[in-house]
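The values are calculated or read from the model by the stated rules, or taken from the named source; none is laboratory data. Note that the structure is predicted; figures quoted are calculated from it, not measured. Positions of Cβ are backbone-derived with ideal geometry, glycine not excepted, and every protein chain shown enters the neighbour counts.
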Amino acid sequence: MTVVEHLARARRGVLWYLREFTGEARWDDYLDRCARSGERPMSRRDFERHRADHRETSVEGRCC
């Protein structure tokens, strides 16, 4: 591998990590599921609100 190929691979890895960390990948996965099932997706704002509500009501992520 050349230096340019290593840098390109590192860049792809960083971008993948950032998309996973920020939740952007979840939005894309949701859109893909909707497209496959033929259902109309909710807006991005509603999707994020649903995720936030789920995090707040889920006992899995809290210690107390």
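A few comments on the model shown:
- Residue tally, condition of a type outside the set (Val, Ile, Thr) and in a loop (DSSP other than H, G, I, E, B), over the stretch 1-40: 5
- Every pair of residues 6+ apart whose Cβ atoms lie under 7 Å, when the first sits in the stretch 45-58 and is within 15 Å of GLU24 (Cβ to Cβ) and part of a helix (DSSP H, G or I) while the second is modelled with pLDDT under 95 and of a type outside the set (Asp, Glu): PHE47/TRP27
- Filter result for the condition that a residue is among the aliphatic types (A, V, I, L, M), surrounded by 10 or more Cβ atoms within 10 Å (Cβ to Cβ) and within 15 Å of the chain's Cα centre (by Cα), over LEU7, LEU15: LEU15
- All positions within the stretch 1-22 that are among the acidic types (Asp, Glu) and modelled with pLDDT under 95: GLU20
- Filtered residue count, the stretch 29-51, keeping only those that are surrounded by 10 or more Cβ atoms within 10 Å (Cβ to Cβ) and either within 29 Å of VAL14 (Cβ to Cβ) or small (Gly, Ala, Ser) (or both): 14
- The set of residues in the stretch 23-51 that are at pLDDT 95 or above and on the phi > 0 side of the Ramachandran plot contains only GLY38.
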